[in-house]
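Take a look at the structure below.
Nothing in this text is a laboratory measurement; each read-out follows from the coordinates by a stated rule. Since the structure is predicted, the reported quantities are computational estimates derived from the model, not experimental observations. Neighbour counts are summed over all protein chains in view; Cβ atoms, including those assigned to glycine, are modelled from backbone coordinates with ideal geometry.
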Amino acid sequence: MDPGIKKKLIIVSAPSGAGKTTIVKHLLTCDLGLAFSISATTRAIRPGELDGKDYFFLSETDFRKMIEANELLEWEEVYKGTFYGTLKSEVNRLINEGNHVIFDVDVVGGLNIKKFYGDQAFAIFVSPPSVAELESRLTGRKTDSDETIRKRIEKARWEIDFAPGFDFILVNDSLEKAKSEVLKRVTDFLNNR
Ligand code: ADP
Ligand code: 5GP
């Protein structure tokens with residue numbers, strides 16, 4: 001990697017089900033020198049997830065200890081009783097190892113990270129084409145109960161109002177189009193010293 005390029009941060013936020021994970025995974029395969037910031041969470045591990053790879057899965061007691069010790073760059077109770085947070089140590093480690101860092105965080109967390117890093121960060125809001133399509137994607141993903149899906153849809157209506165605060169709104173309608181559009185925007189941002 002060119003040592004002259006300052007390390008940058010790519011923030012990807014969206015209502016749950018809009019396609020944020022799909023977009024982040026795509027960018028990670030594009031050889032851009034990006035590394036994923038693994039967050040801490042108190043939610044239950046899902047089938048197929050690994051502790052220390054997808055998240056650091058913590059008890060609420062341990063999560064609260066990290067807050068007390070000022071170890072989190074930002075944290076949110078994203079859903080009632082479920083906490084998520086970005087570890088300062090993780091971000092610093094990835095930057096020190098020569099990576100740009102990519103975050104998959106909720107919209108409030110995304111705007112907080114952007115505020116902290118300013119021009120060093122590019123904040124992307126992934127927007128679903130419609131709330132009806134969002135519901136259909138969450139149902140199709142088969143990872144959440146009907147009650148959880150209902151809560152996520154309710155929250156999405158509120159989250160969409162934050163979109164104008166982001167640097168770029170990516171409408172994830174055709175996935176192929178969204179992938180190529182985001183790749184272009186992120187490449188431009190990373191190459192601009
Ligand atoms: P998020 O991380 O925002 O919760 P995911 O990336 O898990 O969302 O996407 C939610 C579901 O929608 C997944 O099953 C994914 O495969 C699907 N999906 C993502 N993008 C599209 C798209 N453009 N068109 C149709 N389905 C999509
Ligand atoms: P999920 O439970 O589907 O993995 O994630 C739920 C929500 O929490 C998503 O919007 C995800 O982006 C968000 N999230 C994951 N990690 C963090 C984090 O460290 N901070 C914040 N604020 N949100 C996070």
Grab the other residues whose beta carbon is less than 15 angstrom from that of TRP75, score K and R as +1, D and E as -1, and report the net.
-4
Could you list HIS26, HIS100 in order of exposure, starting from the residue whose Cβ has the fewest other Cβ atoms within 10 Å?
HIS26, HIS100
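Among 31-39, 138-146, 114-122, how do they line up by average Cβ neighbours within 10 Å per residue, starting with the highest? Before the final figure, lay out each step's value.
On the way: 31-39: 17.9, 138-146: 12.1, 114-122: 15.4.
So the order, starting with the most tightly packed, is 31-39, 114-122, 138-146.
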Along the dipole axis of the range 9-188 (charges at Cβ: +1 for Lys and Arg, -1 for Asp and Glu; origin at the Cα centre), the most positive-end residue among SER89, TYR117, TYR55 is TYR55
I need the chymotrypsin sites (Phe, Trp or Tyr not before Pro) found in the range 38-95, filtered to DSSP loop residues with at most 16 other beta carbons within 10 Å of theirs.
none
Test of the criteria: in the range 44-110, which GluC sites (Glu not before Pro) are in a DSSP loop and have at most 11 other Cβ atoms within 10 angstrom of their Cβ?
GLU97
Amide proton proximity set for ASP173, modelled H, under 5 Å, gap of 5+:
ALA178
Quick one: net charge around VAL101, please, counting Lys, Arg +1 and Asp, Glu -1 for every other residue with C-beta under 9 Å from its C-beta.
+1
Only loop residues by DSSP count here, and only those with at most 14 other Cβ atoms within 10 Å; note down the GluC sites (Glu not before Pro) in the range 106-156 that meet that.
none
Taking the Cα centre of the range 1-139 as origin, work out the dipole magnitude from +1 charges on Lys and Arg Cβ and -1 charges on Asp and Glu Cβ, in debye rounded to 20.
180
Only bridges whose two residues both fall in the chain count here: according to DSSP, what percent of them are antiparallel, nearest 5?
25
Taking the chain, the equivalent ellipsoid from its C-alpha gyration tensor has semi-axes in Å, biggest first, of 25, 22, 15
When the helix-only estimate is applied to the chain (DSSP H runs of n ≥ 4, each -39,500 (n - 2.57), divided by the residue count), what is the mean residue ellipticity at 222 nm, nearest 500 deg cm²/dmol?
-12500 deg cm²/dmol
